[in-house]
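Below is one structure, written out as structure tokens, with a few remarks after it.
Since every read-out is calculated from the coordinates, none of them should be taken as a lab result. In this text the structure is predicted, and so the values were computed from the model without any measurement. As a convention, Cβ positions derive from the backbone with ideal geometry for all residues, glycine included, and neighbour counts pool all protein chains shown.
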Amino acid sequence: MIDKLKVSTQRKCNFKKKDNNGELLSCGLRSLEDDTYCIFHSENISKKTNQFDSAFNLLIEQIENNNKMMEYNFRGFVFPKISLKYKVFNKMVDIRWATFTDMADFENAFFKNGMFAHKTNFKGIAFFQGAKFHNSVSFVGTEFNKLIFIGDKVLNKIVFHGCKFHENAVFQDRCFLDDVVFQSSIFYKNADFPKTEFHKKLDFSNSEFRGQLLFLNAKLLDEVVFNKTVIASLKNIKGSGINLDGTILHSTNFKDIINFHNYSFKNSVLIFCDFSNKSLINCDFTGAVLKSIYSDNISIDSKTCAKTKFIYTDYEEFQEAGMTRIIPKINSRIPLTGDFGDKDNINFTLIDYFQQFHKWNFLLDLPIEVRTGILNYINFFKDYIRSTEDINVDIATEPQGEKSKLSLLTKDETKKDIIAVTFQNYIENIFKPFDQINYEFRNNKLSAIQKESFITNYRDEHIIVRKRILYGLIDEQRRDKTALEISKMQIAEYKRDLEWFRNLIILKENKPPASINIYNQQSSNQEMNVEMENNIKVGIELASLSDELDNIKSKAHQAEIDHLKEEIKNILIEQKEKGDNEQLRLRTKTVLGALGKAANYGIQNFDKIVNIGNAIAKLLGFNFPSAQ
């Protein structure tokens, strides 16, 4: 074969790989001229394209005519665009480590003895329309740019383990008669299974779906497993005995599912999911986190109540091995002790938890300059109404394009009037000086320290949101837009004329307070805006750092931490009250020096510390000290 291709060099191809057993696999063919690889392993596509097809056909002929060659050895091949339509492969096809640089067309190909793909890379379209598989197929660690895997039957087990699907993956009109495994795979776009039949187990464990997972008119005839899977959008799935244990479902769409029959959600995380007008039949939510769940007119049978022992209503995130992990917050457990329906909770079941929420929804189109500040202020309303009225309210915010959806939810319908008025007043408080805000502590369970902490935190939130709105918007169009969106946040039962919102913003003199420009009264408007933004950033970052310091467990540096927190508090007060400039400067120096050693206190995110230091330094003309 080599002679027919007129390859004159005597040098051997440099391809070498170790298989899973540690055996070294090499090529044995002679390399091309001016190349260290043979025509099959060479990465010089433009140079070898004209010869590749003829060389490849010769290789296939040699394999098929040699009874001692038990497989089609295409390991590590670098393919140009190739078509193998209707090709019948009588032996096992081994394409481990192969790269398909363009379309790989296997339309109606027949793999009689299966395929083995390990770390194969399909950079173009992988086209398997009508391809037949009569033995096991294994794609392990394979990357697909776009996969078309439609039509015909797959008789044996097929595995897509640890694969990456960068564009849409389409599995249409396929009939899988044995297990199908997608464990530990990532779908960056849509995964589409229309009119597909799964006769045995379908396993998506530990996978991630960043686009939509679609099952329009699919038949799921056996177990479906989503254990510890992340799903952004799940549509059209209809089946029984679906296992979603440990799965993360965020804003997941259950639009076409009316009856959840034999579903298991044990230890899963469900955020912003909508179970309104759905029926839960023999399901299990034990250990699941149910955060901001919509459940209007939900129907829950007695078996679901009996199976579900306890749930959580909130979670926290942490980083582990470079990945974000989610765990439930222990103090959000429901029931707090015992299980649903046991002797201590005899009249408390999942039905009682899922009782209908009373809720208000807003869709806010806030300018980016004020969006974060306003949404953070709104989220603090949970603490505000719990402290002042002893009422629990859940607040859900989620992005919808460039807009933000805001939902206020409460289960206590008898308190909805109080919540409506309190929220209205809370929004109005944005435009009042903090010392003119009226509120009372009707929560008798609060200690003096808790009240003091609430006032401090509320003052910080109030300072930040006022700076964002009153000084963070440059032109009138953005101010008009902000006023309009704030005026939308009124409760339907308590409509009132909120034109004064607009007037308060428009008529407000749009310049920063005197303390912002204390060191350069002659600066240009552009310089003033830079200092203004730094001042806002300092306030936000310092408040955030103070919260982080509260969570530090180290006792060795407790005195230093307390001192740093006190200095931060004083700086924020100085900013608010436009206090003595030199005193502010000295306090800031103290914070800067402490920040240089803050990593020793147990703060993990050092980039955040540097950002805070740079913001303060830029504002006051210092050089931020390096960490010691």
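When both region 403-456 and region 109-127 are represented by their alpha-carbon centers, they are found 60 Å apart. Measuring r between the beta carbons of N392 and H166 and using R0 = 56 Å, the FRET efficiency lands at 0.80. Debye sum, Cα scatterers, region 102-201, no solvent: what log₁₀ I/I(0) at q = 0.12, 0.14, 0.25 1/Å? Listed by q, the Debye log ratios stand at -0.32, -0.45, -1.75. Model label points for E197 and T372, set 7 angstrom from Cα along the Cα-to-Cβ axis, are 5.4 nm apart. Residue-wise HN-Hα couplings along region 394-399, as the Karplus relation 6.51 cos²θ - 1.76 cosθ + 1.60 with θ = phi - 60° gives them from phi, are 9, 10, 10, 10, 8, x Hz; Gly and Pro carry x. Among 301-309, 287-295, the peptide with the highest mean count of other Cβ atoms within 10 Å heads the list, and the full ranking is 287-295, 301-309.
Which entries of K382/K432; K16/K157; K219/K291; K405/K451; K48/K123 have Cα-Cα distances beyond 23 Å here? Long pairs (Cα-Cα over 23 Å): K16/K157; K219/K291; K405/K451.
Note that region 209-221 has calculated 3J(HN,Hα) couplings of 10, 8, x, 8, 10, 10, 10, 4, 6, 7, 10, 10, 9 Hz, one per residue in order, obtained from phi through the Karplus relation 6.51 cos²θ - 1.76 cosθ + 1.60 (θ = phi - 60°); glycine and proline are x. Ranked by the mean number of other Cβ atoms within 10 Å of their residues, highest first, the peptides 331-344, 118-131 come out as 118-131, 331-344.
Shown in residue order for region 289-299 are the 3J(HN,Hα) couplings computed by the Karplus curve 6.51 cos²θ - 1.76 cosθ + 1.60 at θ = phi - 60°: 9, 10, 10, 6, 8, 8, 9, 4, 6, 6, 10 Hz (x for Gly and Pro). Greater than 24 Å separation of Cα atoms is the criterion. Which listed pairs, K12/K146; K18/K200; K17/K91; K112/K238, meet it? Distance filter (> 24 Å) returns K12/K146; K18/K200; K112/K238. Note on L177 and S453: the model spin-label points, each 7 Å out from Cα along the C-beta direction, lie 6.5 nm apart. Distance between the modelled labels on D344 and N57, one decimal in nanometres: 7.8 nm (7 Å Cα→Cβ projection).
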